[in-house]
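One structure is given below, encoded as structure tokens.
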Amino acid sequence: MWIRRASLLALLFFASSLRAELQIEINQGLDNPTPIAVVPFGWQGLGAAPEDVAQIVDSDLVRSGQFAPVSRRDMLSYPTRETEMYFRDWRAISAEYVLIGQVTLGTQIRIDFQLFDTTRQLAIDSGTVTGPVTELRMLSHRVSDAVYERLTGISGAFATRLLYVSVMRNPNAKDFYRLTLADSDGQRPIVLLEGRDPILSPTWSPDGQEVAYVSFETSRPAIYRQNLRTGAREQLTNFQGLNNSPAWSPDGNTMALVLSKDGNPDIYLLNLTSRALTRLTRHFAIDTEPTWMPDGKSLLFTSDRGGRPQIYRYDLRTKKIQRITFEGAFNARARVAQDGRNVALVHQRDGRYHIAVLDLVTDRLTVLTETSLDESPSIAPNGSVVLYATKRGQDSILAAVAVDGGVRFSLPAREGSVQEPAWSPYVTP
Amino acid sequence: MIKPTLYAKWISLVFAAFVLAACSSNDTKEAEAAAAAAEEQAAQEAAAQEAEQQAQVEAQQGREAAAADVGTVFYFEFDSSSLTEDARAQVDAHIQALLGNNDSVRLEGHTDERGTREYNLALGERRANAVRDYMVANGLPSYRVETISYGEENPVAYGSGETNWQQNRRVELK
């Protein structure tokens, strides 16, 4: 008995140390979200199931703003296999779709799932995901991705991760900075770096295995890269002046960055193999915030060469620079969706800073947010949602808005400020 | 470097010794008198020298006190890296103090929270560089001035609104 209680305590402690730092609040969903019932999954293994897979999937779908959950209390039965499915039970509570499944523990953990359409009374999708037991949450998100894609036609981006910087303010001492890696739902946070020196510009390698960021730990800014599997960490730059805005090229071989060693901020390319440094821009104005077009053939960057900050495009083949934003007196820090069409940026209107999306095909700029100090947009790998930072009171919080403006949610921290979110690319499981 | 006054003191001492040696055989009294006079003169010069040094130290202390009085934080207008009239007067006081010593300084540029973080890093650097350039133009060797930008990190005032923002648009001298 005593031993059981002790292990229970240990388990509780472990669980609380893994508790999410971010909370999720849905601010706006679709007007007619699709009702879907995610039935508690069956469990075949010793003891209790380590995670409530159905709960994880349900939260993912609700967070997308496109689905209305069906409460477990309203369910008339809890089927875990097709033979236990009675469609009338689900039509009675107006569930349009029903997801059932089972989790099986072997040397690895396996989730089998099946999706039913209650109107047509048939199974419309089924699948299996397998992986190490420790990755059960990530496997659950892959089930969400499959369901989301089947019902919306758009790839899901639940089985992805986030990087963000949190800051604990301290009026009597220096602020405390922390760089954190978490699942896309804010769960399983892992601290990658912390200390009293600023941490900025976290970004992902295209394969999702590495991150880069700026740290002031040497009392001067420098760019570092860190391998998420091995923990290996390397300082990439240490030049006089600014060293910031690292951005991996889509092929992973080159990093664009900003240095002011030659007098003022310009964009440079660092070859990560040869370590050769190439200067791209040469202008007395501020050139900063480089980001790659998905084809790797050109970069976008912010420059005030025209007097006020605007977005420009640098073509690597022709070496020509072309301005691409013309609406408003301030457009900065562009991030491009994987389709190469939508560009999320910070746009100033009436003295307020909003997140906007510029469509490179139609040249139309759409303002997505109504708050006034929005910054650091980062686009989900499926291109559907922009994650960004905004202010709530004195603290910075993360918030997200669908690219079509239909869905909004916020992710405030339980404590302190969170800023500079970076959504991972699709990570190969 | 040997200062002129010190040099003169040495010459007079050497001269006195020479006179003393030359006159030792027959004119001892005269020589002693001359030596005493030279010694007295040297003592007076040393005292004057000391007083002058003291005055210089006090003047430098005054300049450093004046620099301390004006503070080590220089404020800027929104989206501007030009020194305001007030900031220029403050920096002038620091230049006067720094020209009289060998201290090195670090200028830390900051911005308010508006705009993007990385663009603000560049703005903060522009502000720190503006103070550095003004110092160098007024005679301070550039190797004694280090600049760094924190952008909007490490704000002094945490809230939003102009009252807070204006406290954060600054260069700190350290």
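The values are calculated or read from the model by the stated rules, or taken from the named source; none is laboratory data. The structure presented is a predicted model; accordingly, all values stated were derived computationally and were not measured. All Cβ positions, glycine included, derive from the backbone under ideal geometry; neighbour counts span all protein chains shown.
Looking across the range A:239-259 at every residue that is outside any strand (DSSP E or B), of a type in the set (G, A, S) and under 20 Å from A:A334 (Cα atoms), the one that is farthest from the other protein chains (Cβ to nearest Cβ) is identified as A:G252. Between B:G139, B:G115, the distinction of being out of contact with any Cys (no Cβ under 7 Å at 6 or more places or on another chain), under 23 Å from A:D197 (Cα atoms) and assigned to a loop (DSSP other than H, G, I, E, B) belongs to B:G115 only.
Only residues that are crowded, with 16+ Cβ neighbours inside 10 Å and at positive phi were counted in the range B:125-159, giving 2.
Can you confirm whether the range A:361-381 contains a residue that is out of contact with any Phe, Trp or Tyr (no Cβ under 7 Å at 6 or more places or on another chain), more than 10 Å from every other protein chain (Cβ to nearest Cβ), crowded, with 23+ Cβ neighbours inside 10 Å and not in a loop (DSSP other than H, G, I, E, B)? Scanning the range A:361-381, I find no residue that is out of contact with any Phe, Trp or Tyr (no Cβ under 7 Å at 6 or more places or on another chain), more than 10 Å from every other protein chain (Cβ to nearest Cβ), crowded, with 23+ Cβ neighbours inside 10 Å and not in a loop (DSSP other than H, G, I, E, B), so the answer is no. Find all pairs meeting these conditions: Cβ atoms under 7 angstrom apart; at least six residues apart or on different chains; first residue within the range A:277-305 and of a type in the set (D, E); second residue at pLDDT 95 or above and in a loop (DSSP other than H, G, I, E, B). Every condition considered, the pairs that remain are A:D287/A:P265; A:D287/A:T281; A:E289/B:T116; A:D295/A:G340; A:D304/A:A285; A:D304/A:I286.
Go through the range A:414-424 and give me each residue that's in contact with a strand residue (DSSP E or B) (Cβ under 6 Å, 6 or more places away or on another chain) and either surrounded by fewer than 21 Cβ atoms within 10 Å (Cβ to Cβ) or not charged (D, E, K, R) (or both).
Across the range A:414-424, the qualifying residues are A:G416, A:S417, A:V418, A:Q419, A:P421, A:A422, A:W423, A:S424.
Across the range A:219-238, the qualifying residues are those that are in a loop (DSSP other than H, G, I, E, B) and more than 12 Å from chain B (Cβ to nearest Cβ), and the one among them that is surrounded by the most Cβ atoms within 10 Å (Cβ to Cβ) is A:T237.
If a residue has to be in a helix (DSSP H, G or I) and within 12 Å of chain A (Cβ to nearest Cβ) to count, how many in the range B:97-112 make the cut? Before you say what the answer is, go through the steps one by one.
First pass over the range B:97-112, keeping only residues in a helix (DSSP H, G or I): B:97-99.
Still in the running and within 12 Å of chain A (Cβ to nearest Cβ): none.
Looking only at that region, the number is 0.
Pairing residues of the range A:171-191 that are within 13 Å of chain B (Cβ to nearest Cβ) with residues that are buried (at least 21 other Cβ atoms within 10 Å of the Cβ) and in a loop (DSSP other than H, G, I, E, B), at Cβ distances under 6 Å and at least 6 apart in sequence or on separate chains, gives A:Y177/A:P198. Among residues of the range B:142-169 being of a type in the set (A, V, I, L, M, F, W, C) and either in a strand (DSSP E or B) or under 28 Å from the mean Cα position of the chain (by Cα) (or both), the one that is nearest to the other protein chains (Cβ to nearest Cβ) is B:I148. The lone criterion from (1) part of a strand (DSSP E or B); (2) of a type outside the set (D, E, K, R); (3) farther than 30 Å from A:D207 by Cβ; (4) in contact with a Lys or Arg (Cβ under 9 Å, 6 or more places away or on another chain) left unmet by A:H354 is number (4).
Could you identify the single residue in B:A59, B:A46 that is over 30 Å from A:R333 (Cβ atoms), among the hydrophobic types (A, V, I, L, M, F, W, C), in contact with a helix residue (DSSP H, G or I) (Cβ under 7 Å, 6 or more places away or on another chain) and assigned to a helix (DSSP H, G or I)?
On the way: B:A59 fails: in contact with a helix residue (DSSP H, G or I) (Cβ under 7 Å, 6 or more places away or on another chain).
Being over 30 Å from A:R333 (Cβ atoms), among the hydrophobic types (A, V, I, L, M, F, W, C), in contact with a helix residue (DSSP H, G or I) (Cβ under 7 Å, 6 or more places away or on another chain) and assigned to a helix (DSSP H, G or I) holds for just one of B:A59, B:A46, which is B:A46.
Residues that are surrounded by fewer than 17 Cβ atoms within 10 Å (Cβ to Cβ), in contact (Cβ under 8 Å) with a residue 12 or more places away in the chain and not in a loop (DSSP other than H, G, I, E, B) within the range A:322-346 comprise just one, A:R323.
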